[in-house]
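Quick notes on the structure that follows.
The values are calculated or read from the model by the stated rules, or taken from the named source; none is laboratory data. Model, not experiment: these values are computed from the prediction. Every residue, glycine among them, receives a Cβ derived from its backbone with ideal geometry; neighbour counts consider all protein chains shown. To get the accessible areas, we keep the full protein, side chains included, count just its heavy atoms, and leave off ligands, DNA and RNA. Shrake-Rupley method; radii C 1.70, N 1.55, O 1.52, S 1.80 Å.
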Amino acid sequence: MPLRDIDDLERLKKINAALVSRVERSMDQQGNAFSLFQTAISLENRVRNRTEELHATLRRLEQSNIDLSAAKESAELANLSKTRFLAAASHDVLQPLNAAHLSVSALAEVQASDEGRKLVRQVERSLETMEDLLRTLLDISKLDAGVVQPEIGDVSLEALFSSLRSDFLPEAAKKGLSLKFRPVNVAVRSDRTLLRRILQNILSNALRYTRSGGVLVGTRHRGDTIRIDVADTGCGIPEDQREAVFEEFHRGTSTLADAGLAGGLGLGLAIVRRMAAALGHPVTFSSKVGRGTIFHIDVPVGMAAAEPAMAAADMERPRGYGLFGTKVLLVENDMDVLSAMTSLLERWQCLVRAATSTDDALDLLGDTAWVPDIIIADQHLDGGDLGTSTIAEVRDYLGRTVPALIVTADGSEPVAKAARAAGIELMRKPLKPAQLRALLAHLLA
């Protein structure tokens, strides 16, 4: 029907409203489509930006990996340099100290007056303190550098206890303290040298901080673990120092000073913690101030049967000091050490011939009437010679296995392995003359 023929006003309004509504819906649909188009463009831009950011992040990560790899390589080179430095320091720093030890020992034997002997003993104590400090600092550096690699094997606790007993009984007796080791026929899985150092440092602290009573060392089975206990009746460790005692140069607080017991270098337990960590042996302790402390070391049970205790004890017992007339071939390239060692051996009535290299040593054997009873050699000699090789050549020249001893400041495991493989005894510099004399007597018995 044409609009002009519609005369109903209300009907016209309805038709107008319907048309307006249709137009509005059409506009809304167009608006929505435009909005969606804008949204799509926005999302595309955001995706592009995020992709570029991701690429940039990946490039930075790749560069970081390159930098980390370079840093790791630099750290490994630095660690290797540190290892070489420590090896050189161990040898070069301890060499003159060894010469001083030997010279003072020789000097002690010619002192006639009490005052002279007293002064010599004071020098000896100072040298021993210097040696302990240097060795401990070098040990800490090596452990921190990760260059100490434990040699895990079965260790007889009874043999280890016997060795520690012989070392610490004189010190305990001097202080009027008791020192007891409960018998134990068991082997544990550990590195014998490192485990001995751990127990040695704990025992040394226990005796140092105990005024009366004594120290007891025992063991307890805990499943597949052996717990070694070192109990003392000392001054105890205050609760607020339970962690501090493991820090370097911690030497106790006023509680210990008031008891007249503070002393030492403050490095013993720092070494204990590092060595125990290297071995994977947990170390804990319980303590009561004024009543004492018990240290616990948890060590895995060994795989083999323990060695007979008597055999180990016999090996450590000196068989006499008769060195009169002993012919000694001494091979040492440090002139101060050579002079001091020669003087000391001659004071013990030994007949000494000295050399600085393998060739020198072989030249001395040209006199067929002179055959050494024992060979004492440094490991690092002139011309790059090694003491172990020198001993092997001398033995080959003589056609017999002459008792031999390597005396070195090189504490590395390869040297120890080479000595063991050749059946050569090993002592570390600086030497303690009494221990040297006892070992020579044992080798010659």
On the formula 1/(1 + (r/R0)^6), with r taken between the Cβ atoms of Glu413 and Trp370 and R0 of 45 Å, the FRET efficiency rounded to 0.05 is 0.80
So, with points 7 Å from each Cα along the Cβ direction, the Asp382-Ser339 label distance in nm works out to 1.6
The simple spin-label model distance between Glu62 and Glu346, using points 7 Å out along Cα→Cβ, in nm, is 7.4
Residue span Lys72 to Thr401: 0.36 nm per residue of separation minus Cα-Cα distance leaves a gain in nm of 113.6 nm
Two pseudo-spin positions, 7 Å from Cα along C-beta at Gln435 and at Arg11, lie apart in nanometres by 12.7
Per residue, accessible area of region 189-241 with a 1.4 Å probe, heavy atoms of protein chains only, in Å², comes to 41
Straight-line reach check, Lys417, cutoff 23 Å on alpha carbons, 8 or more apart in-chain or any other chain, hits among lysines -> Lys82, Lys142, Lys429, Lys432
FRET efficiency (Ala278, Ala173; Cβ distance; R0 35 Å; to 0.05) is 0.60
Subtracting the Cα-Cα distance of Arg222 and Val289 from 0.36 nm times their residue separation yields 21.4 nm
